[in-house]
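Every number here is computed from the coordinates shown, using simple stated rules; none is lab data. Since we're looking at a predicted model, the values are computed, not measured. Cβ placement follows ideal geometry from the backbone for every residue including glycine, while neighbour counts extend to all protein chains displayed.
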């Protein structure tokens, strides 16, 4: 297999790689919707779709596959529905917008490696291992706004337009914090290449602990950057609690109000594909990519000589795509969990969270990584961490010193659902 | 002929057509969209030339951020208007079009001939990568770079000052 792949032309390999990226997403999106509905209903103390398909065997016993096929029939229903195009839409842009919404969702994964860059996997992933891998992600995710904005504009409906405008403001604001949070990681690893970023996470933990891999989420700066990236990624894919562009109680369905049937399904699919790929990128950049645990099996094997670690290392290598898929599922579950937990943000809260909290924290984090890098370069790793800790303490002290003196213009509204005094 | 040449031709044609579209479309939103397409194909042309960082910055800054703001403003102001005004053909056009075509032809005949003999420059793998541009930007060209960033900062501060009602 490996030899056969090595003999293929670059074009054939590229087609295989693209198929290997797109096909799983297309296949897994229905499963994803099922997972979301089941999980949400479980979190909300409901049952959720559990009927389809009900199969009865010869003895009259009924089997249910936990409602797994429900989504397929939902999809079928969407495709067979009447496709209504309102009379006053801007037709060309109206037709074009769903396609434009789907395009970035799939292209986004172009630089994402789901397996190690050796042996057979190096021919299969990523689609393009370019030097600017992470910038590619940022650039393509910034194109994601067009689908939403143009759908909102072309619908010729005030609610849709409002949704589109909100989307453009939201996506531009959160892109910044996302970019700066990734910068910290890029700074620490010294490369924008996605495969290199994953390889850097296989180094010694904190620059000095062998046997443990340096997953960025396990480092202090990476943790901060990771949390910021996670929040921005939810905002970038327009998911709750950042689903202002389609806030149903204010805007009906926002930018896709006027869309029905297939075209709506395309928006829907774009959203889920984007969730999937963003989770994958999060896994690549912060969660150590395709490694199952942050443990350096090869190192353990060479120090202890135990063949058990060799077996685990091989498993880690061969099961890499599955591990990666598991991490994607983790990210998606996080999305769903957020949706079940948090109420939607108000517009001013959204803006102040993005500009006044995430962006400054990301910039400070970025500067701290710089301090750490310089100290590591000039002195040693230990001293670098001490300096890092001192800097963090100083910044926290500074923040708590000036916190109360800053003007706080964010309006606070509280609603008491049940008055504790009266209920007693 | 290089392998990148057919790609170049396709991209160049699309980019020129979309650039014409920017001025030709009557609806401002379509003009803006053509501009997005022009920027995007321009970025792809940069990729074709091996200038990765420049291309991706082009997509990120122009196609991804600046044009979104343009669209935002166009939509906010509702500059829609599907050809509401009946257009009168300007008589000056009858002179302007032949003259501009003549000038273009004159320039092109002078330019195309020497351009056909330009040797294909051989660029290294490092060309256009962040690893090559970063050090150049922060060592050799650090002063122009810093001055440009200060200029941008002045621009931002100035626009905020102008937007404020009270000084």
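Annotations for the structure displayed:
- Some residue of the range A:70-89 being closer than 23 Å to residue A:164 by Cα, within 14 Å of chain B (Cβ to nearest Cβ) and in contact (Cβ under 8 Å) with a residue 12 or more places away in the chain: yes
- The range A:26-35, residues that are crowded, with 18+ Cβ neighbours inside 10 Å and under 12 Å from residue A:67 (Cα atoms): A:30, A:33, A:34
- Among the numbered conditions (1) within 12 Å of chain B (Cβ to nearest Cβ); (2) in contact (Cβ under 8 Å) with a residue 40 or more places away in the chain, the only one that residue A:126 does not meet is (1).
- Cβ-Cβ under 7 Å pairs, at least 6 apart or on other chains, the range B:51-64 side more than 7 Å from chain A (Cβ to nearest Cβ), far side outside any helix (DSSP H, G or I) and surrounded by fewer than 24 Cβ atoms within 10 Å (Cβ to Cβ): B:51/B:128; B:54/B:128
- Within the range A:129-145, the set of residues being touching a residue at least 40 places away in the same chain (Cβ under 8 Å), within 25 Å of residue A:258 (Cβ to Cβ) and facing another protein chain (nearest Cβ under 7 Å) comprises just one member, A:143.
- Pick from the range B:16-44, criterion more than 13 Å from every other protein chain (Cβ to nearest Cβ) and surrounded by fewer than 19 Cβ atoms within 10 Å (Cβ to Cβ), ranking: farthest from the chain's Cα centre (by Cα): B:24
- Of the residues A:389, A:362, A:313, the single one that is over 27 Å from residue A:221 (Cα atoms) and assigned to a helix (DSSP H, G or I) is A:313.
- Residue check for residue B:144: within 13 Å of another protein chain (Cβ to nearest Cβ), part of a helix (DSSP H, G or I) and over 22 Å from residue B:43 (Cβ atoms): no
- For residue A:279, the conditions (1) in contact (Cβ under 8 Å) with a residue 60 or more places away in the chain; (2) part of a helix (DSSP H, G or I); (3) closer than 28 Å to residue A:111 by Cβ are fulfilled apart from (1).
- All positions within the range A:1-60 that are free of Cβ contacts under 8 Å to residues at least 60 places away in the same chain, over 21 Å from residue A:339 (Cα atoms) and in contact with a helix residue (DSSP H, G or I) (Cβ under 6 Å, 6 or more places away or on another chain): A:52
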